[in-house]
1. What number goes with the only condition from (1) exposed (fewer than 10 other Cβ atoms within 10 Å of the Cβ); (2) in contact with a helix residue (DSSP H, G or I) (Cβ under 7 Å, 6 or more places away or on another chain); (3) modelled with pLDDT of 80 or more that Gly100 does not pass?
2. Taking the options Asp75, Asp59, name whichever one is of a type in the set (Asp, Glu), surrounded by fewer than 14 Cβ atoms within 10 Å (Cβ to Cβ), without any contact (Cβ under 8 Å) to a residue 40 or more places away in the chain and assigned to a loop (DSSP other than H, G, I, E, B).
3. Which pairs do you get when a residue that is more than 16 Å from Lys89 (Cα to Cα), found in the range 100-123, comes within reach of a residue that is modelled with pLDDT under 80 and of a type in the set (A, V, I, L, M, F, W, C), reach meaning Cβ atoms under 9 angstrom, with the pair 6+ apart or on two chains?
4. What residue, of Lys48, Lys89, Lys70, is in contact (Cβ under 8 Å) with a residue 24 or more places away in the chain, in a helix (DSSP H, G or I) and not aliphatic (A, V, I, L, M)?
5. What residue, of Lys121, Lys42, Lys70, Lys48, is surrounded by 11 or more Cβ atoms within 10 Å (Cβ to Cβ) and either among the hydroxyl-bearing types (Ser, Thr, Tyr) or within 26 Å of Ala20 (Cβ to Cβ) (or both)?
6. Give the number of residues within the range 95-106 that are within 16 Å of Ser53 (Cα to Cα), within 13 Å of the chain's Cα centre (by Cα) and not small (Gly, Ala, Ser).
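The values are calculated or read from the model by the stated rules, or taken from the named source; none is laboratory data. Quick caveat, the model's predicted, so the values are computed rather than measured. Glycine gets a Cβ as well: all are built from the backbone with ideal geometry, and neighbour counts include every protein chain shown.
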Amino acid sequence: MVRAHEADDNISGHALMATAPPDAHITNCPEEKYPHQMPDVKMPDLMKLLDLSNRLPLDGEITPIMAWAKIIQNDNFRTLSKEDIELMKGELLAKVRCYGFGAVLEEFEVSDALMTALAGKFSNGATPLA
């Protein structure tokens, strides 16, 4: 990660993410990859994030937490395998756009990815749940 040499009050964007290396690591070891881990976020925190994201005026776009909520709330979610979910994750990851205020993707892309995953489950004549 490269960060401009600016005062801390001018740092923004990805440099503020929980997964970003600390400033001291960037300064002291600029060539060394930082061995970070994703934070262990508990369900109440995810629900708060979902609640906050639902208040944003996104106009056809949704945040990643909203996308996963949409997928999990689908009546046929339990028919998906871990591999199905990993494929959806990879497909959707490529469609996420990150602006200065956060990541979003088009809501229809989430619906398309989910329908594609479910289509494979029900192509043998089984009926999806309504």
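1. The one condition Gly100 does not meet is (3).
2. Details: Asp75 fails: without any contact (Cβ under 8 Å) to a residue 40 or more places away in the chain.
Checking each option against the conditions leaves just Asp59.
3. So the pair list comes out as Phe101/Leu56; Gly102/Leu56.
4. Only one candidate passes the filter, namely Lys70.
5. Values: Lys121 fails: either among the hydroxyl-bearing types (Ser, Thr, Tyr) or within 26 Å of Ala20 (Cβ to Cβ) (or both); Lys42 fails: surrounded by 11 or more Cβ atoms within 10 Å (Cβ to Cβ); Lys70 fails: either among the hydroxyl-bearing types (Ser, Thr, Tyr) or within 26 Å of Ala20 (Cβ to Cβ) (or both).
Matching residue, one of Lys121, Lys42, Lys70, Lys48: Lys48.
6. Filtering the range 95-106 down to residues within 16 Å of Ser53 (Cα to Cα) leaves 96-106.
After this cut, where a residue has to be within 13 Å of the chain's Cα centre (by Cα) as well, the list is 96-98, 102-106.
Adding the requirement that they be not small (Gly, Ala, Ser) leaves 96-98, 104-106.
Total meeting the criteria: 6.
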